[in-house]
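Some notes on the structure that comes next.
The values are calculated or read from the model by the stated rules, or taken from the named source; none is laboratory data. No experiment lies behind these values; they were computed from the predicted model shown. Cβ: placed from backbone, ideal geometry, glycine included. Neighbour counts: every protein chain shown.
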Amino acid sequence: MENNLILYNTLSRKKEIFTPLKAPFVGMYVCGPTVYGDAHLGHARPAITFDLIYRYLTHLDYKVRYVRNITDVGHLEADADEGEDKIAKKARLEQLEPMEVVQYYSDRYHENMSQLNVKKPSIEPRASGHIIEQIEMVKKIMDEGYAYEVNGSVYFDVFKYNQSHEYGKLSGRVLEDLISNTRDLEGQTEKKNGYDFALWKKAMPEHIMRWPSPWSDGFPGWHMECSAMGCKYLGEYFDIHGGGMDLLFPHHESEIAQSNIANGGDPAKYWVHNNMITINGKKMGKSLNNFITLNEFFNGEHKSLEQAFSPMTIRFFILQAHYRSTLDFSNEALVAAEKGLDKLLKASETLHQLKASDQSDFNVVEMKLNCYRALDDDFNSPILIAHLFEVVKWINQVKHEKAKLKKEDIEALKILFNIFVFQILGLKPEKQSNDDHEIVDGLMNTILDIRKDAKDNKNWGLADKIRDELGKLKIDIKDTKEGASWEIKE
RNA sequence: GGUCUCGUGGCCGAGCGGUUAGGCAGAGGUCUGCAAAACCUUGUACAGCGGUUCGAAUCCGCUCGAGACCUCCA
């Protein structure tokens, strides 16, 4: 497949033509969740954004190795260097082994991802399983003279690094500004400078998660894991590094610094960042405590929710905005997404019942090109969806015999829907598929048959009664020219 | 305080120098035993004020407003 893909590179702040380092292979690393709580709507954004990118690159015939980590150690609670490990804290509170907490929330995260139809990454490494690699990397940085040890902890010397490299080139920060901003931070730390970051932390006695190292029994600094694991599975220089915009600084900036010293260069060619989801105009996040978990969306049990929203509604809602824009949550917006998605999926079913004509009123080839153009332009899913809704219009017009489509065009549209709606956008019908389906179908056909007899005899009372009673069972009956149809609500 | 981003019709959200974005909601109509769905028609939108230009939502400046990062955060 010819490649016209353009993507926005945070590093250059420009859209660039996507040229893989070693086509057809593509290496993509995305910062995954810290598993110490249920995933919320904010977590769904990068998952779905990079799922879209993964799916599209795969569709373009690239052999993608997609690595998304699980952070199960090293993330500190309050201060980057003085706080307590998030996992360990949660474990102590709940009287659980740290790894028990990790297992529990990892499982729940995976369950949510599966519900959202997010494909599994090729590799999902855990930080705790790569302590050796991280220690090795810290050693390298020590050997190069860009890190110093204080009381068993190791810090990266940002000032020294900045003399030969540019600390801040990703986030657009200037070290002088950082100096003036960190100068008046309270508390005397072990660090030479406030902006230095930890590569290895000595564990306090109460700290449960700890590993031996040349410097102390302790644990790796947060930024180490992504550098070490990215390098291990994708090489020292790979194609795409992704994550949320809030990770730009200091996380990704520090990864670049570490990698430059340890491996002699940047870790990735393209840096891709998804924007935040907001609630009442503010970022939805753990720290602001204004988040709604995915499970709460799915079951509707949250005071801010007027109803439950299905995983596919959430997915569609997110895909209707460009990944680099903020997306504002509201019940109204989600209801709109729910209805829009329903319309799209219904049209997909209708497509299979269309009657072919000997000519077409629409240019299917052009439409297909437009769909590709949308995705090629920095994965513009909202534009793609707008195109798909035009196809929905076509389908409905043909259904109502107000427009025509040739047989081969109908077939082409089926393929188009399959590619863009199902394979790339990753949407799927949400009907429960259980073994009772055939029985239910049979029953419904019988009932609708009886109702049709009633209607033919103008026995409106009986016809309405059947519809009303079924309605109470959440079964919707709709009369069309072709006969009655039914569907289960919600 | 520093750095950066954004402000689009009732709501969400594309576009980023000249062409209808799209979805939801609203209004009118077609269809229909009724209802629903679908279809057709329908919207004085681009924070404000200046400037550049033949032409600006789109570029520049200022003002106002909102947000992100600078500390863990997707």
Those residues of segment A:255-278 that are within 8 Å of RNA strand B (Cβ to nearest atom) and either more than 21 Å from the chain's Cα centre (by Cα) or free of Cβ contacts under 8 Å to residues at least 60 places away in the same chain (or both) come to a total of 1
So which of A:GLU401, A:GLU332, A:GLU338 is surrounded by fewer than 16 Cβ atoms within 10 Å (Cβ to Cβ) and either away from RNA strand B (no atom under 11 Å from the Cβ) or in a helix (DSSP H, G or I) (or both)? A:GLU332
Which condition number in (1) more than 13 Å from RNA strand B (Cβ to nearest atom); (2) under 30 Å from A:LEU248 (Cα atoms); (3) crowded, with 16+ Cβ neighbours inside 10 Å is the one that A:GLY285 fails? (1)
Which of (1) closer than 17 Å to A:PHE422 by Cα; (2) crowded, with 19+ Cβ neighbours inside 10 Å; (3) touching a residue at least 40 places away in the same chain (Cβ under 8 Å) is the odd one out, the single condition A:PHE362 does not satisfy? (1)
Selection status of A:ILE419, more than 13 Å from RNA strand B (Cβ to nearest atom), touching a residue at least 40 places away in the same chain (Cβ under 8 Å) and part of a helix (DSSP H, G or I): yes
Among the residues of segment A:56-94, write down those that are at pLDDT below 70 and touching a Ser or Thr at 6+ places or on another chain (Cβ under 6 Å). A:HIS75
Within segment A:422-455, residues outside any helix (DSSP H, G or I) and at pLDDT 80 or above come out as A:LEU425, A:GLY426, A:LEU427, A:LYS428, A:PRO429
Just to be sure, is A:LYS343 away from RNA strand B (no atom under 11 Å from the Cβ) and in a helix (DSSP H, G or I)? no
For segment A:134-148, does any single residue satisfy the condition of being modelled with pLDDT of 95 or more, under 30 Å from A:MET99 (Cβ atoms), among the polar types (S, T, N, Q) and within 33 Å of the chain's Cα centre (by Cα)? yes
Looking across segment A:96-114 at residues that are crowded, with 19+ Cβ neighbours inside 10 Å and at pLDDT 95 or above, the single one that is nearest to the chain's Cα centre (by Cα) is A:MET113
Within segment A:406-414, does at least one residue satisfy the condition of being within 15 Å of RNA strand B (Cβ to nearest atom), surrounded by fewer than 14 Cβ atoms within 10 Å (Cβ to Cβ) and at pLDDT below 95? no
Identify, please: which residue in segment A:149-172 is away from RNA strand B (no atom under 12 Å from the Cβ) and of a type in the set (A, V, I, L, M, F, W, C) and is, among those, farthest from A:PRO214 (Cα to Cα)? A:PHE159
Tell me, yes or no, whether segment A:291-312 has at least one residue that is within 19 Å of the chain's Cα centre (by Cα), near RNA strand B (Cβ under 9 Å from one of its atoms) and modelled with pLDDT of 95 or more. no
Return a yes/no flag: does segment A:313-327 have any residue that is of a type outside the set (Phe, Trp, Tyr), in contact (Cβ under 8 Å) with a residue 40 or more places away in the chain and more than 12 Å from RNA strand B (Cβ to nearest atom). yes
By residue number, the members of segment A:115-135 that are part of a helix (DSSP H, G or I) and surrounded by 15 or more Cβ atoms within 10 Å (Cβ to Cβ) are A:GLN115, A:ALA127, A:SER128, A:HIS130, A:ILE131, A:GLU133, A:GLN134, A:ILE135
Taking interchain pairs and intrachain pairs at least six residues apart, which have beta carbon atoms under 7 angstrom, with the first residue in segment A:214-227 and of a type in the set (A, V, I, L, M) and the second in a strand (DSSP E or B)? A:MET224/A:LEU199
Select from segment A:212-236 the residues that are within 23 Å of A:ASP157 (Cβ to Cβ) and surrounded by fewer than 18 Cβ atoms within 10 Å (Cβ to Cβ) and list them in ascending order. A:PRO214, A:GLU236
If only one of A:LYS269, A:LYS303, A:LYS282, A:LYS286 is farther than 30 Å from A:SER171 by Cα and basic (Lys, Arg), which one is it? A:LYS303
Return yes when A:VAL138 is within 16 Å of RNA strand B (Cβ to nearest atom) and surrounded by 15 or more Cβ atoms within 10 Å (Cβ to Cβ) and no when it is not. no
What is the residue count in segment A:103-135 for residues that are touching a residue at least 40 places away in the same chain (Cβ under 8 Å), more than 18 Å from A:THR34 (Cα to Cα) and of a type outside the set (Gly, Ala, Ser)? 6
Scanning for something part of a strand (DSSP E or B) and not basic (Lys, Arg), does segment A:256-270 turn up at least one residue? yes
